[in-house]
Amino acid sequence: MYKKEVLIVDKRNTIVSAIVTFVIMGIVMAVSAFGFGIRYGEPELLRIAIFGEVLTAIFLVWYIRRHATFASVGFSKLQTRGLVWYIPLLLIVLFQVGLIVNALFTTSISSSALQLIGIVFLTTLFVGFNEEVLFRGIILRYLRPNEHPYRAVFISSLLFSSFHLLNLIALIPPTAMLFQLANTFVFGVFFAILALKLNNLWPLIIFHALWDFASIAADIVNVNLGITALLAQVYLLIAIVIQLILLKRHDLRHLKGPMNPRNI
């Protein structure tokens, strides 16, 4: 297939993958808010969200097998040099998880709360996988970061942030929505740069899942993560500035190639 035709196919398939994911999670939010009366921010929402996340994961795996390759969307050989920027964030989130585990062993937790924490953990595993594969895998790689790294980073981050507008369907308060949009954009920029440097999505999937788990589970067991969350934000802002300055110097030749090399 000629290069122009490959780009057209990649664009169509990328748009379809994003639309399907948006629709599935939009339905989840609507069912939660208007079917069960559970608003965004309530951990109970994840009892419903898990079904949408599992369905999304099945769809994305099917999409990759049908329209791309796992290597072309970010499951290639890990470039370990990028881990130097990843490890500080990993240590922060592991500390957060440690606080939650400690609370589970040192305080009285009801059986229903323990069950909910288990559901939160399972659901956030799927959330980490789905969002990283779609935004730092399929979409970021489609944007040809080896040729236009800044454009790829910022567009994928804007789309990642915009994805969270679906939470309006579940009646998230406007001020919380604005904070979340800014927060997810910052994380999106950093994750996109890391995805390009690491050439492998698994470290980002692990962090993303643990971060979401800690954030939600902390409300269930009444653990305050404010200081650690602030520390992570400060680190992100500093790291983003440095990494954006250095982005032009990064060797991104390992990202070259179409989404599906079999179409050439």
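The values are calculated or read from the model by the stated rules, or taken from the named source; none is laboratory data. Just so we're clear, the structure is a prediction, and the values are computed from it rather than from any experiment. Positions of Cβ are generated from backbone atoms using ideal geometry, with glycine treated the same way; all protein chains shown enter the neighbour counts. What goes into the accessible areas is simple: the full protein's heavy atoms, side chains included, and nothing from ligands, DNA or RNA. Shrake-Rupley method; radii C 1.70, N 1.55, O 1.52, S 1.80 Å.
General remarks:
- Note on Leu104 and Arg66: the extension gain reaches 9.4 nm, defined as 0.36 nm multiplied by sequence separation minus the Cα-Cα distance.
- Difference of contour (0.36 nm per residue) and Cα-Cα distance, Ala57 to Asn224: 57.0 nm
- Among 95-106, 162-173, the peptide with the highest mean count of other Cβ atoms within 10 Å heads the list, and the full ranking is 162-173, 95-106.
- Shape category assigned to the range 174-219 from the gyration tensor of Cα positions, a/c cut at 1.5: oblate
- Using the average count of surrounding beta-carbon atoms within 10 Å as a protection proxy, the listed peptides 238-244, 62-68 rank, highest first, as 62-68, 238-244.
- Solvent exposure of the range 179-234 as accessible area per residue, Å², 1.4 Å probe: 36 Å²
- The simple spin-label model puts a point 7 Å past each Cα toward its Cβ; for Arg12 and Glu44 those points are separated by 4.5 nm.
- Using only alpha-carbon positions in the chain, the gyration tensor eigenvalues give semi-axes of 31, 22, 16 Å once each is multiplied by 5 and square-rooted (largest first).
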